[in-house]
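Notes follow the structure.
The values are calculated or read from the model by the stated rules, or taken from the named source; none is laboratory data. These figures come from a predicted structure and were not determined experimentally. Cβ atoms come from the backbone with ideal geometry, glycine included; neighbour counts cover every protein chain shown. Surface areas here come from the heavy atoms of the whole protein model, side chains and all, with no ligands, DNA or RNA. Shrake-Rupley method; radii C 1.70, N 1.55, O 1.52, S 1.80 Å.
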Amino acid sequence: MNSRTEERHVVPDSLYVWVWVALLSLTGITVSAKYTDLQHLAIFAALLIATAKAGLVVLYFMHVRFEKPIFAVMILVLLATYGIYIGLTFVDYANR
Amino acid sequence: MADAGAARTSAAGAGGAEGGAHAGGYDPMAAKMGMWLFLFTEVLLFGALFIVYGVYLHGFTWQFRQGSARLSIPVGAVNTAILLTSSLTMALAIAALRRARQVRALRLLFATVGCAGAFLAIKAFEWAGKFTHGVYPGAGFLLEQTKGEIIFFGLYFTMTGLHALHVLVGIPLILWGASRARTGAVNPERCVFLENAGLYWHLVDLVWIYLFPLFYLIS
Amino acid sequence: MDVAAGAAAPDYLRAGRGLASWLTTTDHKRIGILYLVAILVFFLFAVCLGLMIRLELFSPGEQFVGNQGYNRILTLHGITMIFLFIIPSVPAVFGNFFLPIQIGANDVSFPRLNLASWYFYIGGGLFALGSVILGGVDTGWTFYIPYSSDTADNVYLPILAAFILGWSSILTGLNFIVTVHRLRVASMPWFRMPLFVWALYATSWIQILATPVVGITLLLILLERLLGIGIFDPAKGGDPVLYQHLFWIYSHPAVYIMVLPAMGVVSEIVPVFCRKTIFGYNFIAISSLAIAGIGSLVWGHHMFTSGMADLERIVFSLLTFLVAIPSGVKVFNWLATMYKGSIRLGTPFLYALAFIFLFSVGGFTGLLQGALSTDIHIHDTSFIVAHFHYTMFGGGGVMFLGALHYWFPKMFGRMYHEGAALVAFTLFFVGFNCLYFPLFLAGLAGMPRRYADYLPEYLVYHRTSTVGSWIMVAGIALMIANLLRAFFKGRKAEQNPWGGATLEWTVPSPPPAHQFASPPVVTRGPYEYGREHASG
């Protein structure tokens, strides 16, 4: 696992541009979905789209797809912990 | 400091475990890992605020919608597009630098800073508009509204304010990266400084990706 | 400078001269010493505050500080002991000093950041002390809303102090995680790391994942006071209980930040003084991670009487019992290590034994509070005070002192007087139990915590407790005197006075500025005795 030299993964610029196009399209979708009649689902739909966008940013712009797996593992630890914080807080607020 | 330099040269010859660079040596993996761990703390800093937001959205769903109706969707959407574009230019700048295309990298970095400035300008304009309408914490007008709206705008100013502060910090950080790229201190062989600045910048973008729908799109 | 670490190379203490060489050092060992000095100063300061609390409680009625003065002393005692002593104690001093050596590295991954953490620590400490000059704060160390947003006392300084100290803690944790991943020598796989390193690694993760939450929460108090944003203000729709959630999301895991490194030190001392390989190495290593993980699931047990949903209280009660399991795993493994070992009752080992006893008392009484129905009775009584002093001081604090006695010869190259250390330990241990145990009984009898006054029925508990505080402080004073004397004119310590097998015992005492000229080769586990030494 010797990696003192830089990771030399060359990503073509077009990939970044495509990710950007996808991000803008998802933004467009989430804004236009606002004007449709989704009621309560709207927030969940918006969060779902935001998470898709966040995934694109993390995987491509932040390069996690091309890094060593340890980075992904650490991110999962973060998400699991944050999930616990949210989950156990809402066990309270959903049952008050 | 002199011995740090000595350690750096000696590190080049030494073997090691996962990366094995001796302390003080250039180890981009370590720098990147450190940056990610720092970003984790940023995620949780905002994460705690998102929990607060979620709890009150649960309690004041309708009033949050009324509060959200006071925000301008086009302004928020334009700012989203600006930040996403700045993320693109940042990623392209690093890619350009890695291909040793210094001038292109610098141009892209300046474009990123330009986007950051535009974002802040729009944000300031937006906040100023709220202030003139008496919508800010402690304002008499806001205190006459429902409790949910008071909380909504308390959170709006706290969260977008903290986010704007991060954008503000990002500008000198990117400029510093640019100046190091110009002098060659950041070069295709040693560009982790710029990559870390990029990671920070993408995180700022990431936070906004959630802030935008939660504040502007729930009316 | 040549990195060769021969016998002729000056040790880290003499590698540079003058105050400036210390204040600008990036040597992890010197930074550890910087922390040691600062932490001891704050510790002794907070001990004096604790003594004042006990003196006020010597008799019923107002003695010499009065109610408001008592509240302020109590708050400062809490803030200093928690944020300035226990949280940084073992990781910042002994972690900084020994983590790199134990994994065969010459420094941490980010030496300058390491120094910056120390300056953050000092900055936070000065803010905390500054609040005294401005008249003190009476909120208690928990800064509970709504009182902390209403009180006339200046809470800005202590809150900023806690915020800055949080960043100091985060940066240390960040540094340790990267160091363990990147600078471990090639011949040391994960499951050959010393258990102290495992404990610090788990602790560092808690520092990263919990501290930011309290950081932003404290800032919200400031915003509440400055701007009236209303997030925790019921008059504006806010919920004070949400503050408690966010506060304890950090502050319960912080308990494990305090005690996990101490457990790591016990895991080092026990096998060395029993001349036996540690029993259940893998279980102890994994239980550190398990404690870190489960520790993030139980914060609600601080809030059983705060008005949470019933289901939430049941869930948190259940989860609280889970965290006893990995702690129990450790205790049983230490005891099994002692079984049939050839035990030498050295001072460090006595501290380890004291830890196991005191922490077990603290742990079992913790289960009483984890059970919903008993907690209603003992909540906010001095039972709680006794419990967390047994776990925190009897855990983290005692092992800070234990680690100091274990690694003192390595850090300073000198040996303390073992007889005096033994007397000091005995005084400390007897005084400790005499000080805190009566508070369990007083609490069960209904004595509320944080009160400057009490009814005559509680006199016997409080008197015993105050007398205990004098015995304990006498022990601490003798211990400090003994160590100071050893520092200046103790006899020279050998390289490996206890016969340990971890890497720090393969370098001279005190270690040279660059401890390893070439990466050491590890050929065996950290607790395998009897076989030939690892080649250096």
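Brief remarks on what is shown
- Nearest-0.05 FRET efficiency for C:Arg275 and C:Ala336, computed from C-beta distance (R0 22 Å): 0.90
- Mean partner shielding of peptide B:206-219, defined as the number of other chain Cβ atoms within 10 Å of each residue Cβ, is 5.
- Shape category assigned to the stretch C:108-257 from the gyration tensor of Cα positions, a/c cut at 1.5: prolate
- Accessible area expressed per residue, the stretch B:63-219, with surrounding protein chains retained (probe 1.4 Å, Å²): 35
- Accessible surface of chain B [probe 1.4 Å, protein heavy atoms]: carbon and sulfur percent: 67
- Once the Kirkwood radius over Cα pairs is known for the stretch A:13-94, the Stokes-Einstein relation at 4 °C and 1.567 mPa s delivers a diffusion coefficient of 87 µm²/s.
- Heavy-atom accessible surface of A:Tyr60, to the nearest 10 Å², is about 40 Å², with a 1.4 Å probe and all protein chains retained.
- Dipole magnitude for chain C: about 1740 debye, using +1 per Lys or Arg Cβ and -1 per Asp or Glu Cβ, origin at the Cα centre.
- Residue among B:Ile94, B:Gly138, B:Val192 farthest towards the positive dipole end of chain B, charges placed on Cβ: B:Ile94
- Scaled radius of gyration (Cα, divided by 2.2 N^0.38 Å) that the stretch C:130-213 gives: 1.56
- Per-pair calculated FRET efficiency, R0 = 22 Å: C:Thr374 and C:Leu322 via Cβ, rounded to 0.05: 0.80
- Within the accessible area of the stretch C:2-534, the carbon and sulfur atoms contribute 70%, probe 1.4 Å, all protein chains present.
- Note on the stretch B:27-216: dipole from Cβ charges, positive end direction compared against B:Ile150, B:Val167, B:Tyr216; the farthest Cα belongs to B:Val167.
- Average beta carbon contacts from partner chains per residue of C:105-112, 10 Å cutoff: 6
- Note on the stretch C:45-162: the alpha carbon radius of gyration divided by the globular reference 2.2 N^0.38 Å gives 1.31.
- Accessible-area value, C:Cys48, 1.4 Å probe, nucleic acids and ligands omitted, Å²: 80
- The A and B chains share an interface that buries close to 4900 Å² of accessible area, total over both sides, probe 1.4 Å.
- Alpha-carbon centroid distance for the pair the stretch B:45-118 / the stretch C:11-74, whole angstrom: 44
- Chain B and chain C together bury an accessible surface of about 3700 square angstrom, both sides counted, with a 1.4 Å probe and no ligands or nucleic acids included.
- Alpha carbon centroid spacing (whole Å) that separates the stretch A:18-96 from the stretch B:135-181: 21
- Annotation: peptides B:84-95, B:182-193, ranked by per-residue average of other Cβ atoms within 10 Å with the highest first, follow the order B:84-95, B:182-193.
- All alpha carbon pair distances within chain B were sorted into 5 Å bins beginning at 0; the resulting P(r) in whole percents reads 1, 6, 13, 15, 15, 13, 10, 8, 6, 5, 4, 2, 1, 0.
- Cα-based reach from B:Lys123 at 15 Å (exclusive), listing aspartates and glutamates while leaving out same-chain residues under 8 positions away: B:Asp205
- Think of a 1.4 Å ball rolled over the protein heavy atoms: chain A then has 53 Å² of accessible area per residue.
- Rounded to 0.05, the FRET efficiency of the B:Gln66 and A:Ser32 pair, given R0 = 25 Å and the Cβ-Cβ distance, is 0.70.
- Exposure check, 1.4 Å probe, all protein chains in place: C:Ile133 carries approximately 150 Å² of accessible surface.
- All Cα pairs of the stretch B:68-122, percent lying beyond 14 Å: 56
- For q = 0.08, 0.09, 0.10 Å⁻¹, Debye-computed log10 I/I(0) when each Cα of chain C counts as one equal scatterer: -0.50, -0.64, -0.79
- Rounded, prolate or oblate (a/c below 1.5 giving rounded, otherwise prolate when a/b exceeds b/c) for the stretch A:52-96 by Cα gyration tensor: oblate
- Cα gyration tensor category, rounded, prolate or oblate, for the protein assembly as shown with a/c compared to 1.5: oblate
- Compactness of the stretch B:105-219 was expressed as the Cα radius of gyration divided by 2.2 N^0.38 Å, which yields 1.34.
- Across C:Lys340/C:Lys492; B:Lys32/B:Lys130; C:Lys330/C:Lys410, pairs whose alpha-carbon gap is larger than 29 Å: C:Lys340/C:Lys492; B:Lys32/B:Lys130
- Ordered by 1.4 Å accessible area with all protein chains kept, C:Arg72, C:Arg344, B:Arg65 run largest first as C:Arg344, C:Arg72, B:Arg65.
- Dipole in debye (nearest 20) - the protein assembly as shown, about Cα centre, beta carbon charges: Lys, Arg +1; Asp, Glu -1: 1920
- Euclidean distance between Cα centres, the stretch C:305-348 to the stretch C:77-129, Å: 26
- Taking every residue in C:26-35 and counting other chain Cβ atoms within 10 Å of its Cβ, the average works out to 1.
- When you count the other C-beta atoms within 10 angstrom of each residue and take the mean per peptide, B:145-155, C:440-450, B:69-79 line up highest first as B:145-155, C:440-450, B:69-79.
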